[in-house]
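Notes follow once the structure below has been shown.
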Amino acid sequence: MKISYNWLKEYLDIQVSPKDLAEKIERSSVEVDSVTQPSDGLKKLVVGKIESLRDHPDSDHLKICSVDVGEEELSEIVCGAPNVEAGHKVIVALPGSRIGGNVKIKRSKMRGVTSNGMICALDEIGFGKDVIPKEWSDGIYFLPDDAKIGEPVFSYLGMDDHLIDVDVTPNRGDMLSVYGVARDLGAIYAQKPKLNHPSVEEVSSLAADKVKLDVNADLAPIYKMRIVENVKIQPSPLWLQIKLWNAGVRPINNVVDVTNYILLKYGQPLHAFDFNKVSGNTIYARQAYEGEKLTTLDEEERELDAKDIVIADSDKAIALAGVMGGLNSEIDDRTTTVAIESAVFMPTMIRKTAQRHNLHTSASQHFERGVDRGGVDEAVDAAAQMMHELADGDILKGIVTGSSYDVKDEVVQVTLSRVNHVLGTHLKSDQVSAIFKQLGFGVTLDGDTYTVTVPSTRWDIHIAADLLEEVARIYGYDNLPATLPTGPTTLGKLTEKQILIRDSRRLFEALGLNQAISYALTTEEKAGQFMMRKSAETQLSWPMTNDHTTLRMNLISGLLDDVAYNNARYVKDVALYEQGRVFYKDSADEVRPSEHEHIAGAISGQLVVDPLQNAKRNAVNFYQLKGIVEQYLQNLAIEGDIEFVATDRYPEMHPGRTADISIHGHNVGFIGQVHPSVAEAYKINETYVFELNLDALLEMPKKMNQYQPISKYPAITRDVALLVDKNVTNAQILAQINKKGGAYLKSVHLFDVYQGKNLPNGKQSLAYTLTYQNPNATLTDEEVTKAFDKVQNSLVSELGAEIR
Amino acid sequence: MTLRDQLEKIRQEREQNIKDVGDLKKLDALRVELLGKKGPITQALRSMRDLPAEERPQFGQFANRVRDELQTTIERRRDELKQAMLNKELQEEKIDVTLPGKPVAQGQPHVIQQIIDQIEDLFIGMGYQVLTGPEVEEDKYNFEMMNLPKDHPARDMQDTFYITKEILMRTQTSPMQARTLEKHDFSQGPLKMISPGVVYRRDTDDPTHSHQFHQVEGIVIDKHITMADLKGTLQLVAHELFGDRFDIRLRPSYFPFTEPSVEADITCFNCGGKGCAVCKYTGWIEVLGAGMVHPNVLKMAGVDPEVFGGFAFGLGPDRFAMLKYGVDDIRNFYLNDVRFLTQFSKKG
């Protein structure tokens, strides 16, 4: 809401600049979005008087005006506005001036005639089209007759005011009015704001004879009305128009403007309607009927239901209560009898109605945040009195009440020690008393205890903590000391699981992968790819976009999206890992998925980009990624053998280049090449991926490190080269060697793999180094030869190997 | 010419010869020639028997000295030649040290992870536990127990991805306040906890909004925790994460789960507090929300608000990273462009 600096000054003695005032508001009450002056960016716009005008010789609509701009000679200015007329004072943009939209005005020729500037309409000097009064929407603006020729126009249009745009939090609905802001500033500056209260000049006939109210108090706890007769509809005086347009409200006429003015001033939404358009003399506040139709003032026909509150006459709805009036009872130029409604509607219902109809009005926003329940009468009194003053209306005697209750002040207790205990301050009792008084609260002190009486203007305050906030903000957060919590020592440390997760991240980074964080919400299709186990999917009930509808059940699909993003931008070498959650449901009936930590990686192109190497030959392959995963798993030091078992069970993976990874017989993940057709669908190059169930890895027992003495006795090695069928695997050979290796076989290393030329078809050659060592004695050659022969023989007999 | 003179002459001549030799082979030949059995010195020694007996010892000494000296000269020359050869070889082995080093693989932690790790480490040092909670949350924890009953207008501040009426993607890490408060045994000491994690909002992704981002919740509950402690803690966060020249200021704000509630601003990164377009000429940038835990939150979690109280805060690592590194589009964090990810070296 834009609050006028000048308007505030009517109630407070403000000695600081608008900017400083805004800062004070921001530090003590609510956030300030901006401080602006409507004249910002404008210059050399002055009052001119059109002395005479004549037709432009070469145009059928342009006029040449002789304008007195306060200089020695009259200026000739060409103007095409339909309403241009001699004798009026107008807004003149002199040569060298700057008008709205940062446009510079120069002396220029218009169809051969020199124009010494421009006569402006309001929208040309920065007025929003939505605030310009209808009568000025299609022409130049006429300034008041007493405007001084040659003076800047800004003061005549309220453009020299400063507007403080406050962003009010849901609890501070009271700050959505000039009075509310004035009261809070009064507390901040320890001033009593000079707020005036209306006296109403009524005629003798009773309003209650004119109108009856039938109100459902569950919907409208307070519902009141005044009737003003014999109003004369006309434009409002300029001072009122200025207040409205500076607040972003379009002036309409002297009745509607009054209701809008009262809303700005008091924060109480009013609704004025033409009482003569109402059937019968009873006004109802009731639930809408299912399917009831109402055309609101914005000329939209709305279909209502029982959750909407309507104001109705005996035949029809005439307003969507608390949100917008109905077109059928609108104030128009012929209106003479005005009904002014001042009410409180249930905030939740108004909020829902505004949401359902996507109709967020100033009134609905006020009702949603609550209004001063003690101020309903004053608002309707002030409105009626203004209609009397501005529209010459006769105010019928009395306020007609449809519903009401006794609005009591809130009484809240708080102790001084509590204040200092929670805030960490050392405030004295009179300091705290003074703050409550500045806020306009009643306060009595009994020993350590304050009994604080909070008026209805601050309906957000109910409990002691609310008072603490009041003390804190008025005392000033800058004045709070800055300390750290004291008390018993607590142990701060990561859990074992957290440490392992951190270690996992560090390891993959050390192994060359960059950490990615991808979206957990993805498409239904991607969510269900690369699944390590069966799971039903978890879907949003109302997603925002098709790209993010379903919770992921794998991390790889997100990483492939990342690879695709990079590949599409000509970044070919991508090495990423991600650690995060996947969401599983054992069955579709389960509402809430279980969450599991996974870690996954994807490499495309080269892991180590070396421009001196051939990129193709250096590109990642299965074994490079496997090396990374093996190194990682080795670092985790999990007890048990790690096995890579060929698998074709993942439809998104290359059936011949994928392995399940198991530890001690438990499956913990998989590794391999993304299936070429899946890669094509993702629009990515050849990519290798792995995904591991991090939760499972974290829970597995870890090897305890124990010192192994380093043998003093020499090791002896033997090499063996084998010719075997291609389908005999390295794992099979290793298993066989280890099985028959004997007590002194310490390790086996593969040192050569060869397939191709010079080998019989379907055969491959593998060569291993076997290392033997006896920790307690020097091995003899015979011992080793005997053990080695045994291994060789078993390879021949069990795997059909030919020793080369 | 006496024998001694002859020897002296040999010594002089040959010493020069040795010094002139240019390679090891020739030097070796010269050595054999000079000092071998047929060499002049050996011969001179042999001729010694022709000398009178009383001169022999003196001459013998002299001859031996000449031999030793020549020997030494030869060895010195040999060392010189060896050194020269080595130098020549080394010269030939010269490389261009300005050629690039051989690249090795090295990945980076994600920039948001770096910030989260930094926050964790800071709070661990102050005795906080680090706890993580579910990303798919119950409405009860995400809202109701945070003093946001159904239909509370503040729910509009956080557009929510619902899965069912009661199950949702958490919109904040605050539900971890309720979850830990419920469980904490205050007889074992105060509750000091931070909870980092991913949160979700029903937002359209644009440069300043992301439907997925991160938060780090913090809560301290004990018998004597003050708002001044909150201020001091947040000041420390600013100093540790961004540097000593960054200060914190508190402003009133509103969160249903804290009262008093504050918004904390940090000294503008762009202008250092002087005022610029980035901070809307205030010198301050809004970075986080905090406050004293609302008595209702404590009550709902079974903690007596008359005895216990404390503060809570919510930090936004995404926003921190954007401010600290001048990242102008939050989507960068989730698109994982390698050229983006690799910009944030660990110590930068």
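The values are calculated or read from the model by the stated rules, or taken from the named source; none is laboratory data. These numbers come from a predicted model, not from an experiment. We place every Cβ from the backbone using ideal geometry, glycine too, and count neighbours over all the protein chains shown.
General remarks:
- Residue in region A:753-767 that is touching a residue at least 12 places away in the same chain (Cβ under 8 Å) and within 60 Å of the chain's Cα centre (by Cα) present: yes
- Residue within region B:72-92 that is touching a strand residue (DSSP E or B) at 6+ places or on another chain (Cβ under 9 Å) and surrounded by 10 or more Cβ atoms within 10 Å (Cβ to Cβ) present: no
- Among residues of region B:189-202 being outside any strand (DSSP E or B) and facing another protein chain (nearest Cβ under 7 Å), the one that is farthest from B:Ile119 (Cα to Cα) is B:Arg202.
- Among the residues of region A:212-258, the one identified as farther than 30 Å from A:Tyr156 by Cβ, buried (at least 24 other Cβ atoms within 10 Å of the Cβ) and within 35 Å of the chain's Cα centre (by Cα) is A:Ala220.
- Elements of type helices (runs of 4 or more DSSP H) contained in region A:194-269, each with 2 or more residues being more than 20 Å from A:Leu163 (Cα to Cα): A:207-210, A:256-266
- Considering region A:6-91, the qualifying strands (runs of 3 or more DSSP E), each wholly inside and each with 2 or more residues that are over 35 Å from the mean Cα position of the chain (by Cα) and either free of Cβ contacts under 8 Å to residues at least 60 places away in the same chain or away from chain B (no Cβ under 14 Å) (or both), run over A:43-55, A:63-68, A:75-79.
- Members of region A:421-465 that are under 20 Å from A:Ala182 (Cα atoms) and charged (D, E, K, R): A:Lys437, A:Arg458, A:Asp460
- Evaluation of B:Gln108 against (1) more than 7 Å from chain A (Cβ to nearest Cβ); (2) in contact with a Phe, Trp or Tyr (Cβ under 7 Å, 6 or more places away or on another chain) (one fails), failing number: (1)
- Restricting region A:387-407 to residues that are under 41 Å from the mean Cα position of the chain (by Cα) and modelled with pLDDT of 95 or more, the residue that is farthest from A:Ala285 (Cα to Cα): A:Ser404
- The condition of being surrounded by 15 or more Cβ atoms within 10 Å (Cβ to Cβ) and basic (Lys, Arg) holds for only one of A:Lys104, A:Lys49, that being A:Lys49.
- Residue match in region B:171-182 (condition: under 19 Å from A:Pro543 (Cα atoms) and without any contact (Cβ under 8 Å) to a residue 60 or more places away in the chain): yes
- Single condition A:Gly87 does not satisfy, out of (1) out of contact with any Gly (no Cβ under 7 Å at 6 or more places or on another chain); (2) on the phi < 0 side of the Ramachandran plot; (3) in the same structural domain as A:Leu53 (by TED's automatic domain parsing): (2)
- Total residues in region A:503-539, condition within 13 Å of another protein chain (Cβ to nearest Cβ), assigned to a loop (DSSP other than H, G, I, E, B) and touching a strand residue (DSSP E or B) at 6+ places or on another chain (Cβ under 7 Å): 9
Per-residue answers, yes or no, for (1) surrounded by 17 or more Cβ atoms within 10 Å (Cβ to Cβ); (2) touching a residue at least 24 places away in the same chain (Cβ under 8 Å); (3) hydrophobic (A, V, I, L, M, F, W, C); (4) in a loop (DSSP other than H, G, I, E, B):
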position: A:Arg302; (1), (2), (3), (4): yes, yes, no, no
position: A:Val310; (1), (2), (3), (4): yes, yes, yes, no
position: A:Ser314; (1), (2), (3), (4): no, yes, no, yes
position: A:Ala319; (1), (2), (3), (4): yes, yes, yes, no
position: A:Gly325; (1), (2), (3), (4): yes, yes, no, no
position: A:Asn328; (1), (2), (3), (4): yes, yes, no, no
position: A:Asp332; (1), (2), (3), (4): no, yes, no, yes
position: A:Glu341; (1), (2), (3), (4): yes, yes, no, no
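- Within the option set A:Leu122, A:Leu143, being crowded, with 18+ Cβ neighbours inside 10 Å and within 16 Å of A:Gly70 (Cβ to Cβ) holds for one residue only, A:Leu143.
- Condition check for A:Gln385: within 14 Å of chain B (Cβ to nearest Cβ), surrounded by fewer than 21 Cβ atoms within 10 Å (Cβ to Cβ), closer than 21 Å to A:Tyr179 by Cβ and touching a residue at least 24 places away in the same chain (Cβ under 8 Å): no
Yes/no matrix, rows are residues, columns are (1) modelled with pLDDT of 95 or more; (2) within 25 Å of A:Lys277 (Cβ to Cβ):
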{"residue": "A:Thr336", "(1), (2)": "yes, yes"}
{"residue": "A:Glu341", "(1), (2)": "yes, yes"}
{"residue": "A:Phe345", "(1), (2)": "yes, yes"}
{"residue": "A:Arg351", "(1), (2)": "no, no"}
{"residue": "A:Gln355", "(1), (2)": "no, no"}
{"residue": "A:Gln365", "(1), (2)": "no, no"}
{"residue": "A:Glu368", "(1), (2)": "no, no"}
{"residue": "A:Asp372", "(1), (2)": "yes, no"}
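- The helices (runs of 4 or more DSSP H) found wholly in region B:236-348 and carrying at least 1 residues that are in the same structural domain as B:Thr132 (by TED's automatic domain parsing), touching a helix residue (DSSP H, G or I) at 6+ places or on another chain (Cβ under 7 Å) and closer than 26 Å to B:Gly189 by Cβ occupy B:295-300.
- Set A:Tyr156, A:Tyr179: member being surrounded by 15 or more Cβ atoms within 10 Å (Cβ to Cβ), touching a residue at least 40 places away in the same chain (Cβ under 8 Å), touching a strand residue (DSSP E or B) at 6+ places or on another chain (Cβ under 6 Å) and in a helix (DSSP H, G or I): A:Tyr156
- Residue match in region A:462-478 (condition: more than 7 Å from chain B (Cβ to nearest Cβ), part of a loop (DSSP other than H, G, I, E, B), closer than 30 Å to A:Phe367 by Cβ and out of contact with any His (no Cβ under 9 Å at 6 or more places or on another chain)): yes
- For A:His360, the conditions (1) farther than 20 Å from A:Arg458 by Cβ; (2) assigned to a helix (DSSP H, G or I) all hold with the exception of (2).
- Residues that are in contact (Cβ under 8 Å) with a residue 24 or more places away in the chain and polar (S, T, N, Q) were ranked within region B:228-259; the one that is farthest from the other protein chains (Cβ to nearest Cβ) is B:Thr258.
Yes or no, residue by residue, for (1) touching a Leu at 6+ places or on another chain (Cβ under 8 Å); (2) under 30 Å from B:Val198 (Cα atoms); (3) free of Cβ contacts under 8 Å to residues at least 60 places away in the same chain:
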{"position": "B:Gln71", "(1), (2), (3)": "yes, no, yes"}
{"position": "B:Glu80", "(1), (2), (3)": "no, no, yes"}
{"position": "B:Gln83", "(1), (2), (3)": "no, no, yes"}
{"position": "B:Glu92", "(1), (2), (3)": "no, no, yes"}
{"position": "B:Pro100", "(1), (2), (3)": "yes, no, yes"}
{"position": "B:Ala105", "(1), (2), (3)": "yes, yes, yes"}
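- The lone exception for B:Pro149 - which of (1) more than 26 Å from the chain's Cα centre (by Cα); (2) buried (at least 16 other Cβ atoms within 10 Å of the Cβ); (3) over 24 Å from B:Asp318 (Cα atoms); (4) free of Cβ contacts under 8 Å to residues at least 60 places away in the same chain it fails: (2)
- Scan of region B:285-339 for residues that are facing another protein chain (nearest Cβ under 10 Å), among the hydrophobic types (A, V, I, L, M, F, W, C) and free of Cβ contacts under 8 Å to residues at least 40 places away in the same chain, ordered by number: B:Leu335, B:Val338
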